[in-house]
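One structure is given below, encoded as structure tokens.
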Amino acid sequence: MPEHKASGLFLPEEQFRSQAVYSDETKQFRSPAEPLSTDEVDIFIRVGKKTFSAVFLCTSEREYLMDLAETDEIFAYYKATLPPTEKKITYYFRLQHGEEEGFYTKYGYFDEFKDEGRFEIIRDFVTPDWAKGAVMYQIYPDRFCNGDRSNDVKTNEYLYLKRMVEQVRNWDTPPSATDVNHFYGGDLQGVIDKLDYLEDLGVEVIYFNPIFVSPSNHKYDAQDYHHIDPHFGKIVKDGGKVLKNCATTNAEASMYVTRTTRKENLTASDKLFAELVEKAHAKGIRVLVDGVFNHCGAFHKWLDREGFYRKNGKGAYHHKTSPYRDYFYWNEDGSYEGWWGYENHPKLNEEGCEELKKEILEVGKKWVSAPFHADGWRLDVAADLGKTAEFNHKFWAEFRDAVKSVSSDKLILAEHYGDAAGWLQGNEWDSIMNYDAFMEPVTWFLTGVSKHSTEKRDDMYNNADIFWGSMIYQMGKLPIQSLMTSMNELSNHDHSRFLTRTNRRIGRLQTEGSEAAERDIDKAVLREAVLLQMTWPGAPTVYYGDEAGLVGWTDPDNRRTYPWGKEDRDLINFHREAIFIRKENPVLRHGSLHHLYGDYGVIAYGRFDREDKFLIVLNNNEESRKVSIPVWETGMKLDTTLENCLMTNRDGFTDFAFQCPVKNGFAELTLPPKSAAVLKEV
């Protein structure tokens with residue numbers, strides 16, 4: 001990674017400056033950015049004016065001498081055009097200056113060639129424009145808002161994981177260690193009721209955790225993929241009884257059976273979801289649903305371990321001749337295989353059962369089609385589906401074809417840890433939940449604890465070198481189509497709340513208790529993180545309640561209820577301001593990202609295109625820092641003015657438009673403790 005030493009002196013024209021060299025895969029340096037196989041592609045690189053005698057574009061097939069396209073006060077821009085092809089092309093740049101030469105890749109400028117970090121062109125890989133840089137909002141439905149109390153799960157309605165389910169009547173009660181059996185009553189009507197709030201916040205996409213029929217509050221163990229859970233939807237036909245306290249099976253769980261299997265309830269719930277999507281779309285808000293196709297639940301009608309569907313079907317658990325027998329993997333002792341050994345998560349056998357594969361593909365197509373019109377899928381543990389890598393890739397290619405046959409504008413985004421490049425080649429997933437190239441580096445730098453709050457690393461805390469090294473390397477693994485649509489989260493349902501991580505402690509609900517999750521938190525650090533999130537490439541995704549000050553250890557504590565009536569209004573207002581700035585300035589969605597500065601606890605970067613230039617700077621130290629930032633590297637004028645758009649520190653935040661001069665290409669700033677700022681060239 002190239003170093004930037006802020007000397008405060010801009011070097012004269014014709015003197016070599018490696019920091020002047022820049023290219024990326026955004027539309028200002030590649031046109032079109034998402035080329036089809038029939039397109040010519042213009043590739044650009046920016047260098048210091050009059051510093052190179054020749055610039056070459058080196059592809060995986062040949063080398064092109066680039067032409068000088070234009071110059072400005074500081075830079076020269078070189079261009080080469082690649083012909084149409086169906087092949088994937090990788091490239092880097094070779095630059096000659098005097099008797100020496102250098103090389104430029106995604107990882108920066110190097111004096112010696114290193115065959116890594118090549119740029120790549122994947123033809124015919126187009127991701128939805130609406131998803132690029134969109135502000136997303138993740139909702140865990142049971143905990144967001146209770147809009148219909150008539151559909152609430154009743155205490156003793158059924159047994160789940162051998163324990164009675166419990167209706168939590170006090171909305172403000174924090175989750176307990178046995179939370180999986182507890183239900184707070186949040187539902188789709190509650191989301192409909194709060195659409196005005198989400199619109200006012202600036203949300204452009206709602207991502208729902210699973211909403212299909214399931215006995216758990218998280219619903220990652222589906223009972224029926226074809227219908228919305230009436231406990232989230234509508235119960236128009238109620239009846240039956242709850243279980244007696246002494247019950248040990250679900251044989252008499254007649255209320256649960258009525259609620260979750262009666263056609264009237266399923267149809268009404270599906271209709272309510274369609275209504276929600278329609279109302280969200282009317283406000284300019286898209287909707288993503290969560291698909292769990294690697295496994296289902298033991299309650300699923302295909303397995304029917306509980307016997308809920310015995311009157312009208314033959315579940316594979318009780319019937320060896322069941323038409324669904326091949327939907328599952330079976331052990332020699334007659335038991336079914338659970339994903340990672342979990343009895344409640346029967347592993348689905350798409351690889352060995354063509355009928356199951358077809359049914360899942362139909363499910364994928366159904367919910368993005370009329371009358372539901374969801375805008376895409378988030379796919380749970382997608383890399384685990386099947387038993388072989390070959391089938392996994394084949395399945396997701398077919399899934400993509402099914403979903404995109406409805407509209408190429410549907411989004412397919414997968415949960416994945418590690419290198420996802422194999423699935424991001426234009427024929428499977430569009431993008432991923434961005435752990436490696438966002439959540440991990442951000443949380444280590446700003447808090448020094450892991451995303452689960454289970455590990456503390458002082459060597460990672462405030463370490464700008466590790467932050468930039470991780471970000472540049474991990475972002476370099478993602479195609480531009482995926483990077484710009486990746487889900488950039490600070491928190492979610494699987495990890496501790498970011499606000500709790502700001503206390504820099506390790507712990508879990510079971511060991512530390514719920515109150516400890518709020519002890520010594522630092523909202524100034526959260527505001528730093530949000531400002532970074534809203535100015536970074538990708539789709540910034542707010543986990544419900546983060547904007548209102550929710551805390552929590554890793555699950556289940558991270559699934560607390562939204563604190564309606566007890567919100568942190570200042571934090572909500574800050575989120576609204578940060579989102580507004582992002583939406584008002586397209587360069588923060590689509591522009592180039594350039595590392596400008598890194599020191600202990602301090603990072604600075606630019607977002608820029610040919611029209612607009614921004615400087616974003618964070619100081620995560622407990623003391624003020626004076627810094628000199630080489631903003632000329634973003635293309636700003638050598639002598640210009642920066643104006644504040646949003647600044648946060650220990651005292652709060654402000655959008656007061658104070659100004660900062662740029663002299664000879666550098667911005668001299670004094671950064672307060674625990675501060676961050678977004679500054680725009682004016």
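The values are calculated or read from the model by the stated rules, or taken from the named source; none is laboratory data. Values in this document were obtained by computation on a predicted structure and should not be read as measured data. Reconstructed Cβ throughout: ideal geometry from the backbone, glycine too, with neighbour counts over all protein chains shown. Note: areas computed on protein heavy atoms with side chains; ligands, DNA, RNA excluded. Shrake-Rupley method; radii C 1.70, N 1.55, O 1.52, S 1.80 Å.
Output the qualifying pairs, or none if there are none: Cβ atoms under 8 angstrom, residues six or more apart or on different chains, first residue in the range 334-350 and part of a strand (DSSP E or B), second residue open to solvent by less than 20 Å² (accessible area, probe 1.4 Å) and β-branched (Val, Ile, Thr).
Listed by first residue and then by second, the contacts come to LEU348/ILE360.
Taking the condition of being in contact with a Ser or Thr (Cβ under 7 Å, 6 or more places away or on another chain) and of a type outside the set (Ser, Thr, Tyr), how many residues in the range 548-573 meet it?
5
Restricting the search to the range 23-61, which residues are of a type outside the set (S, T, N, Q), at pLDDT below 95 and within 18 Å of GLY117 (Cα to Cα)?
GLU61
Which of the residues belonging to the range 388-426 are of a type outside the set (Lys, Arg), open to solvent by 60 Å² or more (accessible area, probe 1.4 Å) and assigned to a helix (DSSP H, G or I)?
ALA389, GLU390, ASP401, SER405
Could you list all residues from the range 382-426 that are polar (S, T, N, Q) and touching a Phe, Trp or Tyr at 6+ places or on another chain (Cβ under 8 Å)?
Result: GLN425, single match.
Checking the structure you have, find out if any residue of the range 520-530 is without any contact (Cβ under 8 Å) to a residue 24 or more places away in the chain, assigned to a helix (DSSP H, G or I) and either touching a helix residue (DSSP H, G or I) at 6+ places or on another chain (Cβ under 7 Å) or open to solvent by 10 Å² or more (accessible area, probe 1.4 Å) (or both).
Scanning the range 520-530, I find no residue that is without any contact (Cβ under 8 Å) to a residue 24 or more places away in the chain, assigned to a helix (DSSP H, G or I) and either touching a helix residue (DSSP H, G or I) at 6+ places or on another chain (Cβ under 7 Å) or open to solvent by 10 Å² or more (accessible area, probe 1.4 Å) (or both), so the answer is no.
One line per residue, one yes/no per condition, for (1) open to solvent by 20 Å² or more (accessible area, probe 1.4 Å); (2) in contact with a helix residue (DSSP H, G or I) (Cβ under 8 Å, 6 or more places away or on another chain):
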{"site": "LEU65", "(1), (2)": "yes, no"}
{"site": "LEU68", "(1), (2)": "yes, no"}
{"site": "THR71", "(1), (2)": "yes, no"}
{"site": "ALA80", "(1), (2)": "no, no"}
{"site": "GLY102", "(1), (2)": "no, yes"}
{"site": "PHE113", "(1), (2)": "yes, no"}
{"site": "GLY133", "(1), (2)": "no, yes"}
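Assigned to a loop (DSSP other than H, G, I, E, B) and either surrounded by 23 or more Cβ atoms within 10 Å (Cβ to Cβ) or among the hydrophobic types (A, V, I, L, M, F, W, C) (or both), is that true of HIS300?
Yes.
The conditions are (1) under 29 Å from ASP129 (Cα atoms); (2) open to solvent by 70 Å² or more (accessible area, probe 1.4 Å), and ASN294 fails exactly one of them. Which is it?
Only one criterion in (1) under 29 Å from ASP129 (Cα atoms); (2) open to solvent by 70 Å² or more (accessible area, probe 1.4 Å) is unmet by ASN294, namely (2).
Note down all Cβ pairs under 8 Å where the first residue falls in the range 457-470 and is farther than 13 Å from THR447 by Cα and surrounded by fewer than 18 Cβ atoms within 10 Å (Cβ to Cβ), the second is among the aromatic types (Phe, Trp, Tyr) and at pLDDT 95 or above, and they're at least six residues apart or on different chains.
ILE466/TRP444; ILE466/PHE445
Just for helices (runs of 4 or more DSSP H) wholly inside the range 164-273: which have at least 2 residues that are open to solvent by 10 Å² or more (accessible area, probe 1.4 Å) and closer than 25 Å to GLU489 by Cβ?
Hits in the range 164-273: 188-193, 195-201.
Exactly one condition in (1) outside any strand (DSSP E or B); (2) in contact (Cβ under 8 Å) with a residue 40 or more places away in the chain is false for LYS626; which is it?
(1)
What number of residues in the range 648-677 are open to solvent by less than 30 Å² (accessible area, probe 1.4 Å) and assigned to a strand (DSSP E or B)?
11
Here are the criteria: (1) more than 20 Å from the chain's Cα centre (by Cα); (2) surrounded by fewer than 20 Cβ atoms within 10 Å (Cβ to Cβ). Tell me which single one ALA517 does not satisfy.
If we test ALA517 against (1) more than 20 Å from the chain's Cα centre (by Cα); (2) surrounded by fewer than 20 Cβ atoms within 10 Å (Cβ to Cβ), just (2) comes out false.
Would you mind finding the one in ALA420, ALA402 that is of a type in the set (Gly, Ala, Ser) and touching a Leu at 6+ places or on another chain (Cβ under 7 Å)? Give the derivation first.
Details: ALA420 fails: touching a Leu at 6+ places or on another chain (Cβ under 7 Å).
Going through ALA420, ALA402 in turn, the sole match is ALA402.
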